[in-house]
Amino acid sequence: MQKWEYLQVTTNEDDEGASHPRYVAGEELPEWQKISLSKYFDKLGEEGWELVSEFIRHYPRATYSYMVVNDDFKETKWNNKSYKGIEGYYNFFGELEKVGIHLFAINAYPINMGGRTQYLFSFKTDNEVFVRYFRFKRPKS
């Protein structure tokens, strides 16, 4: 039977809001603000690690928000305006930016409707801090 080893990478945001790997297996990385998250993940992939999950924790928790949209991108309304189709949603996200609400993650999920997809758009405000936990696995030698 295959045995696995697991690794957790915890990220924090820098002053500009970019995520960087900060802790790996509970140990803080030196100069973590200078490490590119994508390059670090590429390095883990080269070492045989496979991403298996992500968990996001946000502070303060009360202002975190999200919306779920089916892939038909039907109309949404906000602030007495109507937004339709994918172009309309991009305009909608631009309007949110103007009031300090930022789109920070998009996740796509298959739904059991003939190959359709559902999207989860996650938003944050300027006063929120996000910590992301990534879990990896690789076969034990």
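What to note about this one:
- Tally, over region 11-46, of residues that are of a type in the set (Ser, Thr, Tyr) and either under 17 Å from Phe104 (Cβ atoms) or over 18 Å from the mean Cα position of the chain (by Cα) (or both): 3
- Set Pro60, Pro110: member being within 30 Å of Met1 (Cβ to Cβ) and modelled with pLDDT under 90: Pro110
- Given (1) modelled with pLDDT of 90 or more; (2) of a type outside the set (Lys, Arg); (3) part of a helix (DSSP H, G or I); (4) in contact with a strand residue (DSSP E or B) (Cβ under 8 Å, 6 or more places away or on another chain), index of the condition Phe92 fails: (1)
- If the condition is being at pLDDT 90 or above and either basic (Lys, Arg) or surrounded by fewer than 16 Cβ atoms within 10 Å (Cβ to Cβ) (or both), then region 16-28 contributes Arg22, Ala25, Gly26, Glu27, Glu28.
- If you go through region 12-41 and pick out every residue that is at positive phi and of a type in the set (A, V, I, L, M, F, W, C), you end up with 1.
The values are calculated or read from the model by the stated rules, or taken from the named source; none is laboratory data. This one's a predicted model, so the numbers in the text were calculated from it and none came from an experiment. No Cβ is skipped: glycine too gets one built from the backbone with ideal geometry, and neighbour counts run over all protein chains shown.
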